[in-house]
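A.B. asks: One structure follows; several queries about it will come next.
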């Protein structure tokens with residue numbers, strides 16, 4: 001099945017899917033509720049068996065952006081060498097999206113990083129904790145409204161000296 | 001994660017009904033010679049057997065992706081050096097490959113060949129370190145010295161190419177910092193000539209070494225299905241039988257011109273990963289040998305019309321287009337324009353698929369510069385691989401995954 005046919009088949013099943021093309025990459029935008037279903041189809045019926053990456057973009061102040069956060073799922077096929085980018089948009093205050101860990105084990109740490117950096121919750125994730133930042137950290141540093149100057153979180157941590165500690 | 005007393009750990013995942021108070025917790029890292037870099041693993045042990053491993057990372061987190069939102073596309077290449085400092089040239093190429101894809105630039109054939117050569121030399125340098133360190137951790141110190149001795153030659157070659165040994169920053173948008181010199185060709189030719197002998201020596205030292213085989217064979221199994229499900233790429237996936245190599249599957253740069261093979265194994269243990277890396281070095285050398293004799297003539301940077309690479313001094317002083325282009329690229333409020341678009345581009349780095357997801361917003365500073373780090377994704381498989389093995393196997397598995405903490409934490 002060629003790529004346009006695959007996209008058409010997806011769109012006939014889910015008419016709300018939008019597609020676009022940039023420099024030869026196929027990208028589809030999926031509504032949040034349909035994410036798990038579309039990803040299952042892509043994995044099981046279209047042989048996209050490799051979840052290359054899960055990441056997120058904060059579109060605050062981005063020209064022409066309608067939504068705040070855009071999650072990006074990069075899929076690849078180890079048999080047909082095709083790639084597809086699946087995007088999902090989420091907005092405050094409901095920053096939750098279905099976890100992909102039931103489909104791909106590899107999504108575990110990728111989703112933990114997105115939670116750590118952007119504060120997007122993944123429903124059904126077995127172990128959604130901070131991963132790169134310390135547990136005491138309160139903010140989400142890769143968001144665009146995270147202040148780049150001023151006194152940071154470092155000043156909130158208790159200072160232990162040799163005598164007191 | 002706080003250290004939990006063994007008695008308080010959840011026991012439902014264990015088959016036994018009696019309380020597991022004989023389990024004890026070992027803190028491996030963050031500063032330990034065998035982790036090589038700064039990462040911490042909390043091991044739950046039953047005697048010498050690892051019941052569970054809980055990686056705790058982030059000690060080296062430096063916010064590289066946040067820095068990418070304030071440095072321009074050419075400045076950020078210096079940060080990509082620091083991600084995987086074992087093969088920084090591969091990171092440079094991956095970063096600028098993504099930038100050029102976003103801008104829609106086609107680089108010159110000469111530049112493609114030079115980038116291919118340095119990528120393959122970086123792969124050899126990475127595999128030498130990785131396999132050398134596996135040998136070192138499992139007790140083969142001589143092997144490590146053989147590997148490191150040849151890495152010195154590679155550093156010498158990199159220094160000839162760009163003036164820096166360790167953090168090269170060799171690529172620029174639309175080209176390279178400098179063109180190569182005859183001395184570079186001479187040094188690479190000498191390396192191509194002498195390196196097979198080193199490889200033979202290394203293979204004779206370790207491939208049939210009883211101690212090494214006992215330490216690595218049958219340790220850290222990863223099946224093909226697990227490798228795909230856990231997003232493994234590169235030598236680790238290939239050692240498990242996934243025949244996926246971006247150099248063959250999505251030929252970028254000038255890989256389509258060369259005759260080389262994808263090295264695979266179907267076993268999937270630490271020993272297979274070692275063998276795949278050894279075999280890949282031979283294939284890389286084949287590519288370098290073919291490329292170095294066939295470098296096309298012509299300019300190394302894209303032309304003035306692309307308005308991305310700095311023109312030569314001759315063009316600046318003698319043509320008006322060159323002068324304007326130089327002025328526009330050098331002024332902090334000009335730079336080049338990017339589309340309001342986003343794209344992902346990946347290369348087969350020594351460690352696996354290394355890609356950058358760049359969001360452009362019109363300026364020459366990325367709106368978002370996401371790195372897909374192979375080390376991070378491979379390290380996530382570590383608890384799965386080590387479960388049930390002994391404490392001494394921790395270093396063998398860790399070494400075979402080739403974890404670079406700077407890339408892990410970014």
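The values are calculated or read from the model by the stated rules, or taken from the named source; none is laboratory data. No experiment lies behind these values; they were computed from the predicted model shown. Cβ: placed from backbone, ideal geometry, glycine included. Neighbour counts: every protein chain shown.
A.B. asks: When segment A:103-134 is examined, which residues are found to be within 11 Å of another protein chain (Cβ to nearest Cβ) and part of a loop (DSSP other than H, G, I, E, B)?
C.D. replies: A:103, A:104, A:105, A:106, A:127, A:129, A:130, A:131, A:132, A:133, A:134
A.B. asks: Still on this structure, I have one more. Can residue B:73 be described as away from chain A (no Cβ under 12 Å) and either closer than 30 Å to residue B:310 by Cβ or buried (at least 18 other Cβ atoms within 10 Å of the Cβ) (or both)? Talk me through it step by step, then tell me what you get.
C.D. replies: Working: away from chain A (no Cβ under 12 Å): yes; either closer than 30 Å to residue B:310 by Cβ or buried (at least 18 other Cβ atoms within 10 Å of the Cβ) (or both): yes.
Taking the combined requirement at face value, the residue satisfies it.
A.B. asks: Follow-up. Could you tell me whether residue B:362 is within 14 Å of chain A (Cβ to nearest Cβ) and on the phi > 0 side of the Ramachandran plot?
C.D. replies: Numbers: within 14 Å of chain A (Cβ to nearest Cβ): yes; on the phi > 0 side of the Ramachandran plot: yes.
Here the answer is yes, as residue B:362 does meet what is asked.
A.B. asks: Here is a further query. Please give the number of the condition residue B:329 fails out of (1) in a helix (DSSP H, G or I); (2) at pLDDT below 90; (3) within 30 Å of residue B:221 (Cβ to Cβ).
C.D. replies: (3)
A.B. asks: Condition (residue is under 21 Å from the mean Cα position of the chain (by Cα) and in a helix (DSSP H, G or I)) applied to segment B:69-76: is it met by at least one residue? Walk me through how you get there before you give the answer.
C.D. replies: Start the filter on segment B:69-76 by keeping residues that are under 21 Å from the mean Cα position of the chain (by Cα), which leaves B:73-76.
Keeping just the survivors that are in a helix (DSSP H, G or I) gives none.
Taking every residue of segment B:69-76 in turn, none turns out to be under 21 Å from the mean Cα position of the chain (by Cα) and in a helix (DSSP H, G or I).
A.B. asks: Being more than 16 Å from residue B:352 (Cβ to Cβ), free of Cβ contacts under 8 Å to residues at least 60 places away in the same chain and not in a helix (DSSP H, G or I) is true for just one of B:208, B:204. Which residue is that? Spell out how you get there, then give the answer.
C.D. replies: Numbers: B:204 fails: not in a helix (DSSP H, G or I).
Answer to the selection: B:208.
A.B. asks: Looking only at segment B:215-254, which residues are away from every other protein chain (no Cβ under 14 Å) and either in contact with a strand residue (DSSP E or B) (Cβ under 8 Å, 6 or more places away or on another chain) or touching a residue at least 40 places away in the same chain (Cβ under 8 Å) (or both)?
C.D. replies: Here is the first cut: in segment B:215-254, the residues away from every other protein chain (no Cβ under 14 Å) are B:215-221, B:235, B:239, B:253-254.
Scanning segment B:215-254 gives B:215, B:216, B:217, B:218, B:219, B:220, B:221, B:235, B:253, B:254.
A.B. asks: Now for a separate question. Given the condition assigned to a strand (DSSP E or B), within 14 Å of chain B (Cβ to nearest Cβ) and under 29 Å from residue B:99 (Cα atoms), answer yes or no: does some residue in segment A:30-51 qualify? Quick ask: steps written out before the conclusion?
C.D. replies: Step one: of segment A:30-51, the residues assigned to a strand (DSSP E or B) are A:50-51.
From what is left, the residues that are within 14 Å of chain B (Cβ to nearest Cβ) are A:50-51.
Subset that is under 29 Å from residue B:99 (Cα atoms): A:50-51.
Yes, some residue in segment A:30-51 is assigned to a strand (DSSP E or B), within 14 Å of chain B (Cβ to nearest Cβ) and under 29 Å from residue B:99 (Cα atoms).
A.B. asks: Is at least one residue of segment B:309-323 outside any helix (DSSP H, G or I) and either touching a residue at least 40 places away in the same chain (Cβ under 8 Å) or assigned by TED's automatic domain parsing to the domain that holds residue B:186 (or both)?
C.D. replies: Yes, that holds for at least one residue.
A.B. asks: Of the residues B:176, B:121, which is over 21 Å from residue B:201 (Cβ atoms) and in contact with a helix residue (DSSP H, G or I) (Cβ under 7 Å, 6 or more places away or on another chain)? Don't jump to the end; show me each part of the working.
C.D. replies: Values: B:121 fails: over 21 Å from residue B:201 (Cβ atoms).
On inspection, the qualifying residue turns out to be B:176.
Residues are listed down the side, and each one gets a yes or a no for (1) surrounded by fewer than 16 Cβ atoms within 10 Å (Cβ to Cβ); (2) out of contact with any strand residue (DSSP E or B) (no Cβ under 8 Å at 6 or more places or on another chain); (3) over 18 Å from residue B:344 (Cα atoms):
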{"residue": "A:9", "(1), (2), (3)": "yes, yes, yes"}
{"residue": "A:12", "(1), (2), (3)": "yes, yes, yes"}
{"residue": "A:25", "(1), (2), (3)": "no, no, no"}
{"residue": "A:33", "(1), (2), (3)": "yes, yes, yes"}
{"residue": "A:41", "(1), (2), (3)": "no, yes, yes"}
{"residue": "A:51", "(1), (2), (3)": "no, no, no"}
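A.B. asks: Only one of B:27, B:84 is touching a strand residue (DSSP E or B) at 6+ places or on another chain (Cβ under 8 Å), at pLDDT below 90 and over 30 Å from residue B:155 (Cα atoms); which? Step through it out loud before you land on a result.
C.D. replies: Details: B:84 fails: over 30 Å from residue B:155 (Cα atoms).
Of the residues listed, the single one that is touching a strand residue (DSSP E or B) at 6+ places or on another chain (Cβ under 8 Å), at pLDDT below 90 and over 30 Å from residue B:155 (Cα atoms) is B:27.
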